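**Q** Please read through the structure below; I'll follow up with questions.
FYI, it's all coordinate maths here, none of it is from the lab. Quick caveat: nothing in here was measured; it's all calculated off a predicted structure. Using ideal geometry, Cβ is built from the backbone for each residue, glycine included, and neighbour counts are taken over all protein chains shown.
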Amino acid sequence: MLRIRPYRKNDSRYIASWCQDVVTFYKWSEGRLGDYPVSPERIEQAVSGRIDNEKYFPFTAFDENGIAGFFTLRHPDEKSDELSFGYVIVSPEARGKGYGKQMLRLGIKFAFELYGISKVSLEVFENNPSAYHCYKSVGFKENGNVTNYNLCGEVWKSIEMEIIR
C-alpha cells in the first residue's frame, strides 16, 4: 500500500538516483534544476528553499520497502483555488506497479478533500506517453494549453492537463 508524507531532507539522495539518464531527467524537471546530472544537494536546495512557503507542498511516497516516489503541489500563481503537480517521479524499481496512479490519487485527494482546492493541473511532455496515459487514467484532461521547451537540442511540446472538482 502506497502512502505519502511531507518531504524530508534525506529524501533527495533517493530522488537524485532515479534520474538515470539525461532524457529522464529533463522529462521530470523541465530543466528547472539546471543541467544533468542532478545532485541531492541541488534537489534539496530547490525544495527546502520553498518548504516554509504556504503555497508549496513537497511529498514523498513510500511503501513497506521504503521511498517509492516524489511530487510537489504548488499554487501556480496567486490563485488560491488551484494546485499544480510538479516533479512527479517514481523510483525505477516501483515503475509498472501502478504506484504513479496511486501517488497521483493521493495528491489529488490532498488537494480536493484536505486542502479544499477546486482545480488540479500538471504539464506533461508529448514525448512521455507513459506519463501522459497515467495522468489521463486518473482523470486528467487536456485543457488546450501547450508550452514549448528547448531541451536536449530539441523543442519539446508540453501539454497542460487538469481535473476540476
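**Q** Near Lys136, which lysines are there with a Cα under 19 Å away, not counting those fewer than 8 places off in the same chain?
**A** Lys27, Lys97, Lys101, Lys109, Lys119, Lys157
**Q** Can you classify the stretch 3-164 as rounded, prolate or oblate using the Cα gyration tensor, where a ≥ b ≥ c are the square roots of its eigenvalues, rounded means a/c under 1.5, and otherwise it's prolate if a/b beats b/c and oblate if not?
**A** Working: a/c = 1.26, a/b = 1.05, b/c = 1.20.
Because its axes are fairly even, with a/c under 1.5, the stretch 3-164 counts as rounded.
**Q** Lys/Arg Cβ at +1, Asp/Glu Cβ at -1, dipole of the chain taken about the Cα centre: which of Ala16, Tyr36, Tyr99 is farthest positive-ward?
**A** Toward the positive end, the furthest listed residue is Tyr99.
**Q** Something else: Given axes a ≥ b ≥ c from the Cα gyration tensor, I'd like to know whether the stretch 50-132 is rounded (a/c under 1.5), prolate (a/b larger than b/c) or oblate.
**A** Prolate.
**Q** Looking at the stretch 65-125, which trypsin sites (Lys or Arg not before Pro) are DSSP coil and have at most 16 other C-beta atoms within 10 Å of their C-beta?
**A** Details: sites: Arg74, Lys79, Arg95, Lys97, Lys101, Arg105, Lys109, Lys119; in loops: Lys79, Arg95, Lys97.
Taking the stretch 65-125 and a limit of 16 other Cβ atoms within 10 Å, the loop trypsin sites (Lys or Arg not before Pro) found are Lys79, Arg95, Lys97.
**Q** Calculate, for Val23 and Lys101, the FRET efficiency according to 1/(1 + (r/R0)^6) with r their C-beta to C-beta distance and R0 30 Å; round to the nearest 0.05.
**A** Once the sixth-power term is evaluated, E becomes 0.85.
**Q** When the dipole is taken about the Cα centre of the stretch 3-164, and only Lys, Arg (+1) and Asp, Glu (-1) are charged at their Cβ, what size is it in debye, to the nearest 20?
**A** The dipole of the stretch 3-164 has a size of about 420 debye.
**Q** Taking a label point 7 Å from the Cα of Lys55 along the Cα→Cβ vector, which residues of the stretch 150-165 have an amide N closer than 16 Å to it?
**A** What the label zone holds, given the 16 Å backbone N cut-off, is no residue at all.
**Q** How do Thr24, Thr60, Thr72 line up, fewest other C-beta atoms within 10 Å first? Can you show the working numbers first?
**A** Values: Thr24 15, Thr60 22, Thr72 19.
By the 10 Å Cβ count, ascending, the order reads Thr24, Thr72, Thr60.
**Q** For Glu64 and Glu154, calculate 0.36 nm times their separation in residues minus their Cα-Cα distance, and state this gained length in nm to one decimal. All intermediate terms of the calculation are to be shown ahead of the outcome.
**A** Details: separation 90, 0.36 × 90 = 32.40 nm, distance 3.97 nm.
28.4 nm is the gain from fully extending Glu64 to Glu154.
**Q** Further question on the same structure: Out of Tyr87, Val138, Gln45, whose Cα points farthest toward the positive end of the dipole of the chain (charges: +1 Lys, Arg; -1 Asp, Glu; placed on Cβ)?
**A** Working it through, the farthest residue towards the positive pole turns out to be Val138.
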